[in-house]
Amino acid sequence: MTKLLNGNQLAKEIRKEISKEIEKKILSKNKRIPHLGIILTGTNNSSITYVNSKIKECKNIGIQSTLVKLPIDSTEEKLLEEIKKMNTNPLIDGFIVQLPLEKHIDQDQIILSINPKKDVDGFHPENFGKMALDMKTFFPATALGILTLLERSKIKISGKHTVVIGRSRIVGKPISILMSRKSYPGNSTVTLTHSNTLNIEYYTKQADIIIVAVGITGFLKGNMIKNGAIIIDVGINKNGKNILGDVDFRSVYGKASYLTPVPGGVGPMTRVMLLKNTLMAALTNRKHPTL
Ligand code: NAP
């Protein structure tokens, strides 16, 4: 029997918890509501959809958001200028620059220019380094979402063998760090695989937990996993109007013990973690008690 891990349901519960925390720690003390800045460049349809859903999530929970839209041909200097404004605006608690960026913009320079204290995506090397060193900081939303989903579903990860497929900065690398950290939840033994890994089945067949983030529809098949494995499907692959995961649901369902559905698994958890990071920024960044 495979149990589906319902990210929608859990994200709903966490949203309520965040709302209560905003009420208790901010509104009841007459402070202003948390405020997330979003910078969007260009006309990438997926980016626009993601940004709209982030704005909606903020609104539903009582977080203020400000969107700065830049045209597709904006220069890197213009983007850096907007980042500087967000960095120095005391009314913005945290902000994100929606990725990917246009090819003429140096993504690394952009990430480096974000004030780490406001980097609620957790992509700045200072925050990434802190995460790798088990220090308190902003964790990238998808990785934090997966970790929280496992923790709240009471899935033991300590001592288990986790195979992560994909080593991107936003998913594979951070989740491999968090799963293996010397902390709770953590203490998993992690194998990080990628496109140069030879005979990937050799690793996946041994895994107690598999986290797949490759962006290839149906990549992980039932014959690549052992009975009872826990499967986390991060993939969001568009097929017409449908969204499909990186896991071949048909062949994995029935063999895995737990599986995240797509949609409704990791996606909603990612979105709610951005809200959590924004609240954390609001609680830690404000210098003056009445701000
Ligand atoms: P990415 O930056 O394109 O990275 C893909 C990774 O997969 C790379 O590390 C690549 O290896 C590896 N890979 C590609 N082909 C492979 C193969 N045949 N065998 C093993 N590894 C292979 O992707 P991403 O940004 O991490 O996103 C992955 C998927 O997750 C996408 O579908 C994306 O839309 C989705 N996503 C979902 C969420 C969510 O909230 N649910 C959040 C972010 C992303 P190399 O490093 O060697 O190139």
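Numerical summary
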| read-out | value |
| --- | --- |
| Helix axis angle, 45-61 relative to the chain longest principal axis, alpha carbon, degrees | 70 degrees |
| Separation in nanometres of the label points that stand 7 Å from Cα toward Cβ, at SER168 and ILE48 | 2.1 nm |
| C-alpha long axis of helix 141-152 to longest principal axis of the chain, angle in ° | 60 degrees |
| Mean accessible surface per residue for the chain, computed with a 1.4 Å probe while every protein chain stays in place, in Å² | 50 Å² |
| Shape call, region 1-127: gyration tensor on alpha carbons, a/c limit 1.5 | oblate |
| Net length gained if the chain between HIS194 and ILE243 were fully extended (0.36 nm per residue, minus Cα distance) | 15.4 nm |
| Chain lengthening between ARG286 and LEU99 when straightened (0.36 nm per residue, less Cα-Cα) | 64.7 nm |
| Sequence-distant residues sharing a close amide H with GLY265 (under 5 Å, placed H) | GLY7 |
| Percent carbon-and-sulfur accessible area, the chain, ignoring ligands, DNA and RNA, probe 1.4 Å | 54 percent |
| Three-way shape call for region 141-266 based on the alpha-carbon gyration tensor, with the a/c threshold at 1.5 | rounded |
| Relative contact order, percent, the chain [alpha-carbon distance under 8 Å, six or more residues apart] | 22 percent |
| Region 146-291, relative contact order in percent, only Cα pairs under 8 angstrom and at least six apart counted | 19 percent |
| The chain: equivalent-ellipsoid semi-axes (sqrt of 5 x gyration tensor eigenvalues, Cα, Å) | 32, 22, 18 |
| ³J(HN,Hα) computed for each position of region 153-161 - Karplus, 6.51 cos²θ - 1.76 cosθ + 1.60, integer Hz, glycine/proline x | 8, 6, 8, 6, 10, 4, x, 7, 9 |
| Volume in Å³ per residue [convex hull over Cα atoms, computed for region 84-131] | 75 Å³ |
| Förster-model FRET efficiency, 45 Å R0, THR88 and HIS161, C-beta, rounded to 0.05 | 0.45 |
| Cα gyration tensor shape of region 58-99, rounded if a/c is under 1.5, else prolate or oblate by comparing a/b with b/c | oblate |
| Relative packing of 68-75, 175-182, which averages over residues the other C-beta atoms within 10 Å, highest first | 175-182, 68-75 |
| Part-to-part distance (alpha-carbon centres) for region 230-260 and region 101-129, which is given in Å | 30 Å |
| Residues listed by number, region 95-113, amide nitrogen under 14 Å from LYS78 label point at 7 Å toward C-beta | 102-105 |
| Label-to-label distance, nm, for residues given as LYS205 and GLU17 (7 Å Cα→Cβ offset) | 3.9 nm |
| Simple spin-label estimate for ASP106 and LYS3 in nanometres, 7 Å along Cα-Cβ | 4.9 nm |
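The values are calculated or read from the model by the stated rules, or taken from the named source; none is laboratory data. None of these values were measured; they are calculated from a predicted model. Glycine also receives a Cβ, built like all others from the backbone with ideal geometry; neighbour counts cover every protein chain displayed. Please note that ligands, DNA and RNA were not included when accessible areas were found on the heavy atoms of the full protein model with its side chains. Shrake-Rupley method; radii C 1.70, N 1.55, O 1.52, S 1.80 Å.
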